[in-house]
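The values are calculated or read from the model by the stated rules, or taken from the named source; none is laboratory data. In this text the structure is predicted, and so the values were computed from the model without any measurement. FYI the Cβ positions are ideal-geometry reconstructions off the backbone, even for glycines, and counts take in every protein chain you see. What goes into the accessible areas is simple: the full protein's heavy atoms, side chains included, and nothing from ligands, DNA or RNA. Shrake-Rupley method; radii C 1.70, N 1.55, O 1.52, S 1.80 Å.
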Amino acid sequence: MDWFCAGDLCHDALRHVIVGRAAVAVPAQVPGYSVAPAADGRWSVIAPGAGAEGLLVRGVSEAEFARLECYLAVHGPKPGTVIPAGGGAARS
């Protein structure tokens with residue numbers, strides 16, 4: 001599966017530690033959302049807005065996805081459509 005990330009997980013080294021490998025990632029945007037600081041300001045969250053810039057991580061396994069979700073403890077809105085930078089097919 002493909003997975004959108006923003007904020008800290010756009011850093012290759014951190015993503016590598018969590019995923020367990022150097023995953024392929026391409027610049028992407030999520031229309032209708034933006035990246036903003038969390039309430040306590042220690043990390044970034046995806047919230048409604050003009051457009052979230054981040055990375056689309058390609059080929060994430062179920063186990064890798066579980067580790068990513070655990071790291072983020074996601075409780076906010078789930079982005080819908082991701083548009084890779086430079087064109088290409090939109091992915092949901």
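Remarks
- Residue check: ARG91 meets all listed conditions (1) modelled with pLDDT of 65 or more; (2) touching an Asp or Glu at 6+ places or on another chain (Cβ under 6 Å) but one, namely (1).
- Scanning the range 1-38 for residues that are assigned to a helix (DSSP H, G or I), open to solvent by less than 30 Å² (accessible area, probe 1.4 Å) and without any contact (Cβ under 8 Å) to a residue 60 or more places away in the chain returns GLY7, ARG15, ILE18, VAL19.
- Index of the failed condition, ALA52 passing every other in (1) within 13 Å of the chain's Cα centre (by Cα); (2) small (Gly, Ala, Ser); (3) loosely packed, with under 11 Cβ neighbours inside 10 Å; (4) at pLDDT 65 or above: (3)
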